[in-house]
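These notes are about the structure you will find just below.
The values are calculated or read from the model by the stated rules, or taken from the named source; none is laboratory data. Just so we're clear, the structure is a prediction, and the values are computed from it rather than from any experiment. Neighbour counts are summed over all protein chains in view; Cβ atoms, including those assigned to glycine, are modelled from backbone coordinates with ideal geometry. Accessible surface areas use protein heavy atoms only, side chains included; no ligands, DNA or RNA. Shrake-Rupley method; radii C 1.70, N 1.55, O 1.52, S 1.80 Å.
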Amino acid sequence: MKDLRNAAAIAMAFIIIKLVFRLIPPSERFFSLFENGVWVGLGIILTAYLILFVIIYLILVVKRRRKEKG
């Protein structure tokens, strides 16, 4: 459970940092996410979050298993 919470927090931090950098002028890159609609833009952001979450979670699990093993 601790790995899930840590992975979610780290992934959320990365996504927020990425979105903040997209909002810094020129913000055209951020608004280009929503060219095809709000739902498509939110879908892109959520998909990126989920992919990042899974990658970070797998890294944390592998790290913990290696630590327990060795």
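The test for being open to solvent by less than 50 Å² (accessible area, probe 1.4 Å), out of contact with any His (no Cβ under 6 Å at 6 or more places or on another chain) and either small (Gly, Ala, Ser) or not in a loop (DSSP other than H, G, I, E, B) (or both) holds for residue 53. Each residue in region 4-39 was checked for being more than 10 Å from the chain's Cα centre (by Cα) and open to solvent by 100 Å² or more (accessible area, probe 1.4 Å), and 9 pass.
For region 1-17, state whether one or more residues are in contact with a Lys or Arg (Cβ under 8 Å, 6 or more places away or on another chain) and in contact (Cβ under 8 Å) with a residue 60 or more places away in the chain. So far as region 1-17 goes, yes, one or more of its residues are in contact with a Lys or Arg (Cβ under 8 Å, 6 or more places away or on another chain) and in contact (Cβ under 8 Å) with a residue 60 or more places away in the chain.
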